[in-house]
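The block underneath contains the structure these notes are about, expressed in structure tokens.
Just so it is clear, none of the values below were taken in a lab; they were calculated from the coordinates. Note that the structure is predicted; figures quoted are calculated from it, not measured. With ideal geometry, Cβ positions are generated from the backbone for all residues, glycine too; neighbour counts draw on all protein chains shown.
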């Protein structure tokens with residue numbers, strides 16, 4: 001037995017060197033790539049939508065709850081990094 005209780009294999013036969021399954025070949029053959037048109041600026045589109053909602057007094061598509069849900073994982077990661085916490089909530093000594 002090799003490391004981690006896995007039998008040793010010949011080069012090219014280990015993890016990551018297997019033949020892709022039929023589903024993977026189908027997914028690769030039907031994959032499409034999308035590119036934004038030349039000159040498109042997502043920030044400009046975002047601001048236009050926001051200011052149009054403010055002028056018309058209509059709710060914006062990305063309301064505050066949507067923003068919180070989108071940003072919460074990043075905010076929690078930054079907070080745990082800042083406080084040096086592990087996933088279990090235990091403080092890790094700073095080196």
Exposure proxy ranking, count of Cβ atoms within 10 Å, fewest first, for 32, 62, 82: 32, 82, 62
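Only counting other Cβ atoms within 10 Å, I'd like 46, 35 sorted with the fewest neighbours first. Spell out each step's value before the answer.
Numbers: 46 13, 35 6.
Listed from fewest to most nearby Cβ atoms, that is 35, 46.
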